[in-house]
């Protein structure tokens, strides 16, 4: 049986999808992926993700400034983001990808936090959900989300923290993104967390072309692999597969307003 999926996080504006959009979307559709959210990571890419969403029925856009390229962000990019939010755009469903990251040697963490807060305030002003990146920063991120309380909340994507950290985000009203990490047997902590969280808190994602599934290391990840993430999730959960599939769609609609 082929279930229907929404990939809530795919960088479809990057290779290998660039110039191969139609074929890539056809492959995704064959695996049941019927909608894809494409988050921007910097101001230079805002127009291209918006154009993709306008041109392809199944694509939806998010615009935001990602912490991993902190050196690319200028103060005026916040103004550029707000200018985009002021225009009517039915396929723009979130602010993202935004967040915090302590992976790099020089993360400019204070500046990361200022840019995050500015974007959270825009999400509040324009009543949009957020797509959140967090690497080694879950507790700090939760503090910011508690302080700037958003009406629409959002998702902490690619989550690999502890059960307690996940529960804190859920307690603040946020969903948890489930990706390819759970296909790796060695990722026992993340697999255990995804098995224990309430089904109502989970969203399906690939983070393609990043985060390849187990068995596909060294290859670009693809949106059709949402089906593989779903299969791995079904192995971890006690609920029937159709109940999990329906819940993932309902959860996605609740956050982003996307219906299939």
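The values are calculated or read from the model by the stated rules, or taken from the named source; none is laboratory data. Computed from a prediction, not measured in an experiment: that's the story for all the values here. FYI the Cβ positions are ideal-geometry reconstructions off the backbone, even for glycines, and counts take in every protein chain you see.
Residues that are touching a residue at least 40 places away in the same chain (Cβ under 8 Å) and either surrounded by 15 or more Cβ atoms within 10 Å (Cβ to Cβ) or over 23 Å from residue 242 (Cβ atoms) (or both): does the stretch 165-174 have at least one? Write out each step before concluding.
Let us first name the residues in the stretch 165-174 that are touching a residue at least 40 places away in the same chain (Cβ under 8 Å), namely 174.
Right, trim to either surrounded by 15 or more Cβ atoms within 10 Å (Cβ to Cβ) or over 23 Å from residue 242 (Cβ atoms) (or both) and you get 174.
Scanning the stretch 165-174 turns up at least one residue that is touching a residue at least 40 places away in the same chain (Cβ under 8 Å) and either surrounded by 15 or more Cβ atoms within 10 Å (Cβ to Cβ) or over 23 Å from residue 242 (Cβ atoms) (or both).
In the stretch 145-155, what residues are without any contact (Cβ under 8 Å) to a residue 40 or more places away in the chain and not in a loop (DSSP other than H, G, I, E, B)?
145, 146, 147
Which count do you get for residues in the stretch 120-144 that are out of contact with any helix residue (DSSP H, G or I) (no Cβ under 8 Å at 6 or more places or on another chain), outside any strand (DSSP E or B) and closer than 20 Å to residue 182 by Cβ?
1
Exactly one condition in (1) farther than 22 Å from residue 249 by Cα; (2) buried (at least 19 other Cβ atoms within 10 Å of the Cβ); (3) over 16 Å from the mean Cα position of the chain (by Cα) is false for residue 49; which is it?
So residue 49 meets the others, but not (3).
If the requirement is being in contact (Cβ under 8 Å) with a residue 12 or more places away in the chain, surrounded by 23 or more Cβ atoms within 10 Å (Cβ to Cβ) and closer than 26 Å to residue 13 by Cα, which of these qualifies: 203, 249, 260?
Just one listed residue meets the conditions, 203.
From the list 251, 221, 246, which residue is modelled with pLDDT of 95 or more and in a loop (DSSP other than H, G, I, E, B)? Reasoning before the result, please.
Values: 251 fails: in a loop (DSSP other than H, G, I, E, B); 246 fails: in a loop (DSSP other than H, G, I, E, B).
None of the others qualify; the one that does is 221.
Looking at 62, 43, which one is more than 28 Å from residue 202 (Cα to Cα), crowded, with 18+ Cβ neighbours inside 10 Å and touching a helix residue (DSSP H, G or I) at 6+ places or on another chain (Cβ under 9 Å)?
43
Tell me, please, whether a residue that is over 29 Å from residue 137 (Cα atoms) and either without any contact (Cβ under 8 Å) to a residue 60 or more places away in the chain or under 16 Å from the mean Cα position of the chain (by Cα) (or both) can be found in the stretch 69-78. Step through it out loud before you land on a result.
Within the stretch 69-78, the subset over 29 Å from residue 137 (Cα atoms) is none.
No, because not a single residue in the stretch 69-78 is over 29 Å from residue 137 (Cα atoms) and either without any contact (Cβ under 8 Å) to a residue 60 or more places away in the chain or under 16 Å from the mean Cα position of the chain (by Cα) (or both).
Can you tell me which residues in the stretch 166-210 are closer than 16 Å to residue 132 by Cβ, touching a strand residue (DSSP E or B) at 6+ places or on another chain (Cβ under 6 Å) and assigned to a helix (DSSP H, G or I)?
If the condition is that a residue be closer than 16 Å to residue 132 by Cβ, touching a strand residue (DSSP E or B) at 6+ places or on another chain (Cβ under 6 Å) and assigned to a helix (DSSP H, G or I), then 166, 169, 201 are the ones that fit.
For (1) closer than 27 Å to residue 58 by Cα; (2) surrounded by fewer than 16 Cβ atoms within 10 Å (Cβ to Cβ); (3) out of contact with any strand residue (DSSP E or B) (no Cβ under 7 Å at 6 or more places or on another chain); (4) modelled with pLDDT under 95, each residue gets a yes or a no:
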{"residue": "93", "(1), (2), (3), (4)": "yes, no, no, no"}
{"residue": "101", "(1), (2), (3), (4)": "no, no, no, no"}
{"residue": "105", "(1), (2), (3), (4)": "no, yes, yes, yes"}
{"residue": "129", "(1), (2), (3), (4)": "yes, no, no, no"}
{"residue": "146", "(1), (2), (3), (4)": "no, yes, yes, no"}
{"residue": "155", "(1), (2), (3), (4)": "yes, no, no, no"}
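Tell me which of these residue 20 doesn't satisfy, since it passes every other one: (1) over 26 Å from residue 152 (Cα atoms); (2) surrounded by 17 or more Cβ atoms within 10 Å (Cβ to Cβ).
For residue 20, the exception is condition (2).
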